[in-house]
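J.: The structure under discussion is supplied below as structure tokens; questions concerning it will follow.
The values are calculated or read from the model by the stated rules, or taken from the named source; none is laboratory data. Treat the numbers as computed from the prediction; the structure is a model and nothing was measured. Here the Cβ positions follow ideal geometry from the backbone for every residue, glycine too, while neighbour counts run over all protein chains shown. Heads up: the accessible areas ignore ligands, DNA and RNA and are worked out on the full protein's heavy atoms, side chains in. Shrake-Rupley method; radii C 1.70, N 1.55, O 1.52, S 1.80 Å.
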Amino acid sequence: MKMLRDTYALFGRLLKHVLRSPDTIITVTIMPVAIMLLFVYVFGGAIETGADNYVNYMLPGILLMSIASGTAYTSVRLFSDREKGLFARFNSMPISRSSLLIAHVLVSIVSGLVTVFIITAIALIMGFRTNAGILQLLTALAVLTLFMFALTWLAVIAGLGAKSVDGASAFSYPLIFLPFISSAFVPTDTMPFAVRVFAEHQPVTSIVDAIRSLLCATPAYNAIWVSIAWCVAISVVGWLVGRRVR
Amino acid sequence: MRNIINNAYNTSNANGASTANNAHNGTTNSDFAVSVTGLTKAFGDVNVLQGVDFTITRGEIFALLGSNGAGKTTTINILSTLLKPDAGNVTVCGFDALLHAEKVRENISLTGQFAAVDTMLTGRENVVLIAKLRGIPKSSEVADKLLADFGLTDAANRLVSTYSGGMTRRLDIAMSLVGTPSVIFLDEPTTGLDPEARLEVWRMVKNLANTGTTILLTTQYLDEAEQLADRIAILHAGKIIANGTLQELKKLLPPAKREYIEKQPSLEDIFLAITHNTRSECDERDEQVKHSKEVA
């Protein structure tokens with residue numbers, strides 16, 4: 001009970017951070033949207049994907065990219081709470097200890113979902129269409145949420161372990177670029193062997209494939225299970241390491 | 001030497017604070033708010049605390065004096081259950097800090113070295129948040145009262161990022177008083193403040209002590225300890241090398257020589273006098289106008 005009360009109070013506090021600094025949503029949205037515009041209207045005509053609608057093809061990758069850049073802010077929020085002594089203040093109070101971290105994780109996921117909805121709305125304007133049923137849409141959303149959860153734990157490690165704000169957000173850069181070396185924008189079979197092996201065995205490819213198949217209403221169960229396994233594995237490792245850092 | 005001379009000017013002040021507290025202590029003298037024995041703590045190869053012992057009586061202002069890196073903050077962090085000691089016993093309000101950390105947290109409040117306030121919230125939201133986390137039923141009433149006590153009513157609904165350093169520190173201390181904890185740890189409460197804000201914090205600490213709150217404050221300013229503390233302990237190289245009232249500590253030195261010197265105003269005196277005059281000029285212009293008419 002106390003855990004819920006404390007989490008609610010701390011969640012409300014962090015939500016105000018997000019609402020009062022719109023840049024956390026805007027910067028997170030602008031870059032993936034710009035890449036989406038670039039790929040659809042500049043490169044898109046020359047890319048042979050086998051799909052008749054390139055927006056449909058690349059939307060999952062763009063969403064993962066925005067989620068990755070969004071978690072950088074989670075990391076920065078954690079870093080500044082530690083740096084400003086707010087963690088010390090809260091931890092010296094009779095509150096439920098886990099509520100501190102849970103509130104950060106929840107806010108990370110909520111702001112990630114907001115970004116996902118904004119980008120999907122822009123994609124709809126650009127011609128994104130889906131014939132997925134409600135259950136398939138919810139499954140796609142669940143996989144995305146699990147991905148947010150997994151990356152948030154990496155953000156926890158970075159935020160609590162970093163020595164500077166830049167260090168706290170730097171962990172997200174490779175994650176933001178991971179979709180480029182995956183099936184997110186082009187099919188992997190045109191890539192050189194070594195790159196292809198990497199691309200086909202990194203989490204982004206299976207997550208992109210899973211979401212793409214769900215949005216096309218032809219669920220690829222194999223990709224869905226593999227992506228869930230990846231997200232759970234990353235979360236567990238992140239959680240275990242994050243506890244130690246703390 | 002300089003300190004001893006200064007004492008002549010300050011004694012009336014310091015004595016005033018200590019008598020008020022002694023009156024409050026009354027019969028609870030044997031009852032320690034904080035008791036620390038054989039406390040050790042090392043970070044890697046660095047032995048920060050090497051057997052620290054001290055006790056703080058309920059209702060007293062206790063100053064832990066030491067230079068940078070002496071281990072003041074480490075001691076405070078152990079007392080406020082943020083750090084675990086390597087060895088030693090720590091009791092706060094009768095509860096062991098390791099075995100009953102939760103009980104200790106219910107009784108204490110920590111005001112860290114740097115104001116731990118959320119700059120993205122308003123002053124009011126900050127206090128309300130702490131009240132909610134402490135499970136206080138009428139959190140907004142409590143917040144309004146505290147903000148008024150600390151002269152922050154007008155700024156209550158402004159974001160803390162727009163506050164001055166002194167206002168931020170006042171808010172920080174106000175947040176520490178939510179739920180009236182019986183022991184308050186103030187870690188270098190005046191570091192980085194301008195002289196005016198520093199005096200303001202001193203006044204707050206004295207008022208707080210008058211309500212019976214036990215205060216442990218760390219400081220590297222000797223005059224701060226002289227001004228505020230009922231008892232002073234000097235932490236040096238991981239150990240308490242002196243502990244007692246100001247009078248007792250003075251006995252550690254040879255008796256003061258009587259020298260006659262001209263009292264020069266310190267830069268602080270000048271600064272405060274000038275800035276205060278300017279302020280009252282603005283505030284009391286009407287009165288001055290009236291006064292000059294009468295004189296005429």
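J.: So A:F180 clears everything in (1) within 16 Å of A:A51 (Cα to Cα); (2) at pLDDT below 90 except one condition, right? Which one?
T.: (1)
J.: Check A:G127 against each of (1) part of a loop (DSSP other than H, G, I, E, B); (2) in contact (Cβ under 8 Å) with a residue 24 or more places away in the chain; (3) closer than 24 Å to A:Y73 by Cα and name the one condition it does not meet.
T.: So the condition that A:G127 fails would be (3).
J.: Taking into account only those residues within the range A:22-42 that are away from chain B (no Cβ under 14 Å) and without any contact (Cβ under 8 Å) to a residue 24 or more places away in the chain, which is most open to solvent (accessible area, probe 1.4 Å)?
T.: A:Y41
J.: While we're on this one: Could you tell me how many of the residues in the range A:131-157 are open to solvent by 60 Å² or more (accessible area, probe 1.4 Å) and either in contact with a Leu (Cβ under 6 Å, 6 or more places away or on another chain) or in contact (Cβ under 8 Å) with a residue 24 or more places away in the chain (or both)?
T.: Residues in the range A:131-157 being open to solvent by 60 Å² or more (accessible area, probe 1.4 Å) and either in contact with a Leu (Cβ under 6 Å, 6 or more places away or on another chain) or in contact (Cβ under 8 Å) with a residue 24 or more places away in the chain (or both): 3 in total.
J.: If you scan the range B:76-95, which residues turn out to be within 14 Å of chain A (Cβ to nearest Cβ), more than 17 Å from B:I184 (Cβ to Cβ) and open to solvent by less than 50 Å² (accessible area, probe 1.4 Å)?
T.: B:L83
J.: Let me ask something else about it. Quick one: would you say A:S213 is of a type in the set (S, T, N, Q), surrounded by 14 or more Cβ atoms within 10 Å (Cβ to Cβ), modelled with pLDDT of 90 or more and closer than 30 Å to A:F87 by Cβ?
T.: no
J.: Under 8 Å by Cβ, and 6 or more places apart or on different chains, what pairs join a residue from the range A:4-21 that is under 16 Å from B:V160 (Cβ atoms) with one that is at pLDDT below 90 and surrounded by 15 or more Cβ atoms within 10 Å (Cβ to Cβ)?
T.: Between residues of the range A:4-21 that are under 16 Å from B:V160 (Cβ atoms) and residues that are at pLDDT below 90 and surrounded by 15 or more Cβ atoms within 10 Å (Cβ to Cβ), the close pairs are A:H17/A:T24.
J.: In the range B:162-174, which residue that is farther than 18 Å from B:A131 by Cβ and under 23 Å from the mean Cα position of the chain (by Cα) is surrounded by the most Cβ atoms within 10 Å (Cβ to Cβ)? Steps first, please.
T.: Of all residues in the range B:162-174, those farther than 18 Å from B:A131 by Cβ come to B:162-169.
With under 23 Å from the mean Cα position of the chain (by Cα) added as a condition, the list becomes B:163-169.
On the way: B:Y163: 20, B:S164: 12, B:G165: 12, B:G166: 17, B:M167: 21, B:T168: 22, B:R169: 26.
Among residues in the range B:162-174 that are farther than 18 Å from B:A131 by Cβ and under 23 Å from the mean Cα position of the chain (by Cα), the one surrounded by the most Cβ atoms within 10 Å (Cβ to Cβ) is B:R169.
J.: Has the range A:71-93 got at least one residue that is closer than 23 Å to A:T120 by Cβ, of a type outside the set (V, I, T) and part of a helix (DSSP H, G or I)?
T.: So far as the range A:71-93 goes, yes, one or more of its residues are closer than 23 Å to A:T120 by Cβ, of a type outside the set (V, I, T) and part of a helix (DSSP H, G or I).
J.: Here's a follow-up. Take A:R5 and decide whether it is within 12 Å of another protein chain (Cβ to nearest Cβ) and open to solvent by 80 Å² or more (accessible area, probe 1.4 Å).
T.: Spelling it out, A:R5 is indeed within 12 Å of another protein chain (Cβ to nearest Cβ) and open to solvent by 80 Å² or more (accessible area, probe 1.4 Å).
J.: Go through the residues of the range B:186-205 one by one and say whether even a single one is touching a residue at least 12 places away in the same chain (Cβ under 8 Å) and closer than 23 Å to A:T7 by Cα.
T.: Among the residues of the range B:186-205, not one is touching a residue at least 12 places away in the same chain (Cβ under 8 Å) and closer than 23 Å to A:T7 by Cα, which makes the answer no.
J.: Filtering the range A:94-118 down to residues that are in a helix (DSSP H, G or I) and under 21 Å from B:N107 (Cβ atoms), which residue is most open to solvent (accessible area, probe 1.4 Å)?
T.: Restricting attention to the range A:94-118, the residues satisfying the condition of being in a helix (DSSP H, G or I) are A:97-118.
Still in the list and also under 21 Å from B:N107 (Cβ atoms): A:97, A:99-100.
On the way: A:R97: 88, A:S99: 0, A:L100: 5 Å².
Among residues in the range A:94-118 that are in a helix (DSSP H, G or I) and under 21 Å from B:N107 (Cβ atoms), the one most open to solvent (accessible area, probe 1.4 Å) is A:R97.
J.: So, one more: I'm checking my understanding of the structure. Among residues of the range B:175-194 that are of a type in the set (S, T, Y) and closer than 15 Å to A:M93 by Cβ, which one is most open to solvent (accessible area, probe 1.4 Å)? Let's see the steps before the verdict.
T.: Residues of the range B:175-194 of a type in the set (S, T, Y): B:176, B:180, B:182, B:190-191.
Filter once more, keeping what is closer than 15 Å to A:M93 by Cβ: B:176, B:180, B:182.
On the way: B:S176: 1, B:T180: 118, B:S182: 41 Å².
Only one residue fits best here, namely B:T180.
J.: Which residues, taken from the range B:187-215, are touching an Asp or Glu at 6+ places or on another chain (Cβ under 9 Å) and closer than 14 Å to B:I108 by Cα?
T.: Selection gives B:T214, B:I215.
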